[in-house]
Amino acid sequence: MAQFEEVSKQSSQHPKPAGLVLQYGTAGFRTNAKHLDHIMFRMGLLATLRSKKTKATIGVMVTASHNPEEDNGVKLIDPMGEMVTPAWEGYATQLANAEQGDLLTALKDIIEKESINMSQEANVFVGKDTRSSSASLSQAVLDGVLLNFDSFLNFFLHFSHHFYYGLVTTPQLHYMVCCQNTQGKYGEATIEGYYRKLCQAFIQLTKNASNCTDDQKHLSVDGANGIGALKVREMESHLRRELQISLFNDGSKGKLNHQCGADFVKVQQKPPTGININPGERCCSFDGDADRIVYYYTDSDGQFHLLDGDKIATLISTFLKELLTQAGLDLKIAVVQTAYANGSSTHYLEDTMKVIVRCTKTGVKHLHHAAQEFDIGVYFEANGHGTVLFSKVAEEKIQQLAEDPNMNDERKRAARLLQNTINVINQTVGDAISDMLLIEAILAIRGMTVQQWDAIYSDLPNRQLKVKVSDRRVIDTTDAERRAVSPAGLQEAIDTLVKKHRLARSFVRPSGTEDVVRVYAEAETQESADSLAHEVSLAVYRLAGGVGDEPKPLH
Ligand code: G16
């Protein structure tokens, strides 16, 4: 039949390798770029359906974020700029894995289940990172978006519009999807609009930093040789002299994420290559698509100090809590973390700061939803992925106070600072650029050095390792990934190993972005954390079908 011929004609341009099975993971599909052409085409189709269903603009971002240059991936963005819902992640997996001849049935199945009105107009925004494979892969997405469903499915006439943003950071695309769907209430859906909103708020905030010297305004940024570097350059003219950035790993020579970037710095606990660090100087690293950030410095003894997502969450929540007190506002603030959060950070937040702390599974989508339950939800993964959410009620109360003519100066000043803080934050998702501006503003306002920030609490020594197994799905977890329920005997082995170390904790989980099992351990000393991480890695290797050589001790 004609319509089936059309199906095979159009989708055969983007054939699925027979038998290849991929899953929509922690942050979309991710694997070697050469396996992804059909996935991109199909995600273009799915984004169109999602747009028809929600009657809103949907985003498709082509990136593999922290993964190596040869990988790529794709994430779908829902109308308010959040990650796509779990049900649609399921459809994404179904569609991705349908064999070539079953694609039409898989599409019809989604259309029926979701009762999608195919005559509804569709709008899709597409963005990509700097990987060499991203150009052709984003074209495959566009082929899917622009496919004529009418001939494809013999349904009603359909209109599909797309806007191709080209090179953007992941959070910039999230931001623009949200702006578009809120008719500009969240901001203007352009890159320039994004810089203007964030930088104006930053400049307003730093006006409150009266004694800030030029030295304190300086920051070294490691751009991971990725899109974040290009975008920092683009933004600089909007910052006037309020923040002076020295940009390293700007993509002009090094390889994306190779020995640099937020993931490298966090996992290796050392500075990236390609950056000049003077003792005591504040530095930060973005990841490959600029949705994560970590800070660090070296001291006069050459010792490296990392300020990760936990330290960032602590700095931000302390700042917000103080402002709420000064403003006399009774709003419920909470911090959302994952199992990777350093034990010291959780103790500090709960026992000293007395804020509510929640723990969710890895993946910003989980943290984001947990944070939405509070007036102010600060969420950060230890790897530096996070942001702050303000409820509608919180934003309204802050605005009322800032505009109240009868309010005293101190309360009003605090409310205005809160307003500008809201405007510097990208509430749609973790955003390295926005987080950097917020952190820089807080340090400037509080007159705080990176050393003083670091001294808020001391991290427990920790170690993260990866173990290669034949099928990482054999590992199943519970309790926000803090305990393994399979394979049999693994959790018992971890419990026994943990008991051999002081102040120790360890857990394992299958990665949702790489084909590995991740192992985390913390303990009283680095030696102890390293040895526990190694022992647990061996248990994973032996009980979960390790491949290759047995994990070796770190020392
Ligand atoms: C993605 C997710 C993060 C997650 C990270 C690692 O980050 O957005 O929430 O922490 O992957 O996930 P996993 O341990 O499952 O591999 P990114 O920056 O790579 O998009």
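The values are calculated or read from the model by the stated rules, or taken from the named source; none is laboratory data. Worth saying up front: this structure is predicted, and the values here are computed from it rather than measured. All Cβ positions, even for glycine, are placed from backbone atoms using ideal geometry, and neighbour counts span all protein chains on display.
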Checklist entry - Got a sec? Which of SER115, SER132, SER138 is within 22 Å of the chain's Cα centre (by Cα), more than 22 Å from GLN23 (Cα to Cα) and modelled with pLDDT of 95 or more? => result SER132
Next on the checklist: Among the residues that make up the range 346-363, is at least one of them crowded, with 21+ Cβ neighbours inside 10 Å, part of a helix (DSSP H, G or I), modelled with pLDDT of 95 or more and in contact with a His (Cβ under 7 Å, 6 or more places away or on another chain)?
Outcome noted: no
Checklist entry - Across the range 512-527, which residue is surrounded by the most Cβ atoms within 10 Å (Cβ to Cβ) among those that are at pLDDT 95 or above and of a type outside the set (D, E, K, R)? => result ALA521
Checklist outcome for this item: Checked pairs for the range 339-363, first more than 21 Å from ARG509 (Cα to Cα), second of a type in the set (Phe, Trp, Tyr) and more than 16 Å from the ligand (Cβ to nearest atom), C-beta under 6 Å and 6 or more apart or across chains, list as SER344/TYR457; TYR348/TYR457
Checklist entry - If you take just the strands (runs of 3 or more DSSP E) that sit entirely in the range 434-539, which of them hold at least 2 residues that are within 14 Å of the ligand (Cβ to nearest atom) and in contact (Cβ under 8 Å) with a residue 40 or more places away in the chain? => result 462-467, 505-510, 517-522
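For (1) in contact (Cβ under 8 Å) with a residue 12 or more places away in the chain; (2) over 27 Å from LYS466 (Cα atoms), each residue gets a yes or a no:
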position: ASP222; (1), (2): yes, no
position: ILE227; (1), (2): yes, no
position: LYS231; (1), (2): yes, yes
position: GLN244; (1), (2): yes, yes
position: SER252; (1), (2): no, yes
position: LYS270; (1), (2): yes, no
position: ASN276; (1), (2): yes, yes
position: ASP301; (1), (2): no, yes
position: LEU315; (1), (2): yes, yes
Checklist entry - Within the range 246-284, how many residues turn out to be surrounded by fewer than 16 Cβ atoms within 10 Å (Cβ to Cβ) and over 20 Å from the mean Cα position of the chain (by Cα)? => result 10
Checklist outcome for this item: Only one of (1) out of contact with any Gly (no Cβ under 9 Å at 6 or more places or on another chain); (2) away from the ligand (no atom under 16 Å from the Cβ) does not apply to GLN268, and that is (2)
Next on the checklist: Tell me yes or no: at least one residue of the range 439-462 is crowded, with 21+ Cβ neighbours inside 10 Å and touching a Lys or Arg at 6+ places or on another chain (Cβ under 6 Å).
Outcome noted: yes
Item to check | VAL378 vs. criteria part of a strand (DSSP E or B) and more than 16 Å from the ligand (Cβ to nearest atom) | outcome: no
Checklist entry - When you scan the range 76-147 for helices (runs of 4 or more DSSP H) that lie fully inside it, which ones turn up with 3 or more residues that are polar (S, T, N, Q)? => result 86-97, 134-146
Checklist entry - Of the residues that sit in the range 292-341 and are assigned to a loop (DSSP other than H, G, I, E, B) and within 16 Å of the ligand (Cβ to nearest atom), which one is nearest to the chain's Cα centre (by Cα)? => result ARG292
